[in-house]
Amino acid sequence: MKKILVAGAGGQIGTELIPALRQIYGTDNVVATDIREDASQFFTDGGPFELLDALDGEKTRNLIKKYNIDTVFNMVALLSAVGEKNPMLSWKVNMGALINLLELSKELNLSLFTPSSIGAFGESTPHDNTPQDTIQRPGSIYGVTKVAGELLCDYYFNKYGVDTRGVRLPGIISNVALPGGGTTDYAVDIFYEAIKCKKYTANLKPGTYLDMMYMPDATKATVELMEANPDKLIHRNCFNVAAMSFDPEGIAMEIRKHIPEFQLSYEIDDVRQAIANSWPNKMDDTCAREEWGWKPDWDLPKMTVDMLAVLNRKLNSCDCDCGDAGKCCGKNN
Ligand code: AKB
């Protein structure tokens, strides 16, 4: 049985990865860690939670030893839009956590999962059916850290034999914790506003197609890659994984099938739009399918039905203003 530590467990993905991992490997075998004390509110099953700044190598080493950890999931990251507000902090956090965890993985023989992102691609990348191995010249600092991270993880595997693995995640849509500071955040927010206010103002233009994925598929990709037979992995850092691709009009049309009066308007965020323009419309994930059997379970129609059902229940007890429904009701309540 794996003994797992998740760094950055209080983020959008970590909050759902922890329960998924605990269901598979046992509650006591998965240690949730986060720099924020209030992150512990997400984990109410009695499993271990530790306060940890993943940039603190000494404390991370102590926790890894204390819990006999053999596998680490590194979910620490400042996302793309917030990274543009403070590029130095983005570099410090994203690279600092990774290099600490790589060094500890080398020293203590750990397996290490680190997600990359569609953000690892840039303007000169082919945008349609973006290949696994292609040009990666991102224009955002987030993208720069993701490419550097992919290269570092491969370096540690090739030079030291560290078992590093990762996927290039699309925008992740979930009904538990909200994303914070990403370019694809609108695709979560739109559901809260559609239910609460029957209208939404998108910050990306119509025609801005991006890869997206429902959270259950993101946790499935993460777990399945870490369980994959290493002999079959030609690539390691990182695999394209795709599930669906849509623009703001596409998701609005899908929501309208359930809320016919839903209205979409636009107020473009120039920083997010520039980032989104440089990202793929849709990635080719053939290598993930061939090397470890990746296959998504959720497409846009199926996800929309589930998101609306779950959020309808959640928002029933939540009194919020239009334009703020996501932030106000988006907690784990
Ligand atoms: C972001 O928008 O920054 C993230 C991502 C696609 O990596 N959701």
Anything in the range 275-333 that is under 28 Å from GLY207 (Cα atoms) and of a type in the set (Gly, Ala, Ser)? List them, or say none.
ALA276, SER278, ALA288, ALA309, GLY323, ALA325, GLY326, GLY330
Is it the case that TYR160 is away from the ligand (no atom under 11 Å from the Cβ) and under 30 Å from ASP133 (Cβ atoms)?
yes
Just to be sure before I move on: is ALA177 aliphatic (A, V, I, L, M) and over 19 Å from GLN273 (Cα atoms) in the structure I sent?
yes
Specify the residue that is nearest to the ligand (Cβ to nearest atom); the eligible residues are those in the range 122-144 that are within 21 Å of GLN273 (Cβ to Cβ) and outside any loop (DSSP other than H, G, I, E, B).
TYR142
Meets criteria (surrounded by fewer than 24 Cβ atoms within 10 Å (Cβ to Cβ), within 18 Å of the chain's Cα centre (by Cα) and free of Cβ contacts under 8 Å to residues at least 40 places away in the same chain) for VAL176
no
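Would you be able to tell me the number of residues in the range 186-204 that are assigned to a helix (DSSP H, G or I) and buried (at least 19 other Cβ atoms within 10 Å of the Cβ)?
Count: 11.
Residues checked against (1) part of a loop (DSSP other than H, G, I, E, B); (2) surrounded by 18 or more Cβ atoms within 10 Å (Cβ to Cβ):
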| position | (1), (2) |
| --- | --- |
| SER40 | no, no |
| ILE69 | yes, yes |
| ALA97 | no, yes |
| GLU103 | no, no |
| LEU112 | no, yes |
Tally up the residues in the range 59-79 that are within 16 Å of the ligand (Cβ to nearest atom) and among the aliphatic types (A, V, I, L, M), please.
5
Considering GLY119, GLY181, GLY207, which residue is assigned to a loop (DSSP other than H, G, I, E, B) and within 16 Å of the ligand (Cβ to nearest atom)?
GLY181
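For the range 230-253, does any single residue satisfy the condition of being among the aromatic types (Phe, Trp, Tyr) and either farther than 26 Å from ASP324 by Cβ or more than 23 Å from the chain's Cα centre (by Cα) (or both)?
Taking every residue of the range 230-253 in turn, at least one turns out to be among the aromatic types (Phe, Trp, Tyr) and either farther than 26 Å from ASP324 by Cβ or more than 23 Å from the chain's Cα centre (by Cα) (or both).
Go through LYS2, LYS59 for me and flag whichever is of a type in the set (Lys, Arg) and either touching a residue at least 60 places away in the same chain (Cβ under 8 Å) or assigned to a loop (DSSP other than H, G, I, E, B) (or both).
Of the residues listed, the single one that is of a type in the set (Lys, Arg) and either touching a residue at least 60 places away in the same chain (Cβ under 8 Å) or assigned to a loop (DSSP other than H, G, I, E, B) (or both) is LYS2.
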Identify all residues within the range 114-153 that are surrounded by fewer than 16 Cβ atoms within 10 Å (Cβ to Cβ) and among the polar types (S, T, N, Q); write none if there are none.
SER124, ASN129, THR134
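Please find, among LYS314, LYS282, LYS295, the residue that is of a type in the set (Lys, Arg), farther than 29 Å from LYS146 by Cβ and assigned by TED's automatic domain parsing to the domain that holds ASP189.
LYS314
The values are calculated or read from the model by the stated rules, or taken from the named source; none is laboratory data. Since the model is a prediction, treat every value here as computed from it, not as a measurement. A quick note on method: Cβ atoms are made from the backbone with ideal geometry, for glycine too, and the neighbour counts reach across all protein chains shown.
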